[in-house]
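Structure first, then comments.
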Amino acid sequence: MGYDGKYGKVTTEHGDIPDDEPVIVLRARDCQSVKTLAYYVFLCIKGGSPRRHIALVQDSVDRFRSWQDANPGKVRTPDSERSRAWLPE
């Protein structure tokens, strides 16, 4: 289980993220997510990542883009205003 500063604890199906490892969650509703993931694909290609990894990330880019195209009213500028980190104690 990793930890995201905005969303808190992040669990995965395989449970292979250590508790002390920071992670970041990108959501399809974030209008910057497609560009961010596409740039990550570019960096992975330049860095020599295996084709399987590149294909998995590219699939996410395609799914994010499709979701955004189908849900334009749900796509918005990212913020952290509702993050637990911003809530008063």
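The values are calculated or read from the model by the stated rules, or taken from the named source; none is laboratory data. None of these values were measured; they are calculated from a predicted model. Every residue, glycine among them, receives a Cβ derived from its backbone with ideal geometry; neighbour counts consider all protein chains shown.
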What pairs come out if I take residues in the stretch 5-27 that are surrounded by 10 or more Cβ atoms within 10 Å (Cβ to Cβ) and pair them with residues that are of a type outside the set (Val, Ile, Thr) and modelled with pLDDT of 85 or more whose C-beta lies under 7 Å away, six or more apart or interchain?
Leu26/Ser33; Leu26/Leu37; Arg27/Ser33
Selection from the stretch 28-57 of residues that are within 24 Å of Met1 (Cβ to Cβ) and either in contact (Cβ under 8 Å) with a residue 60 or more places away in the chain or among the β-branched types (Val, Ile, Thr) (or both)
Thr36, Val57
Residue check, Trp86 against (1) in contact with a strand residue (DSSP E or B) (Cβ under 8 Å, 6 or more places away or on another chain); (2) at pLDDT below 85; (3) hydrophobic (A, V, I, L, M, F, W, C), all met but one. Which one?
(1)
Please go through the stretch 11-31 and pick out each residue that is assigned to a strand (DSSP E or B) and closer than 21 Å to Asp59 by Cα.
Asp30
Selection from the stretch 1-10 of residues in contact with a helix residue (DSSP H, G or I) (Cβ under 7 Å, 6 or more places away or on another chain) and assigned to a strand (DSSP E or B) yields Gly8
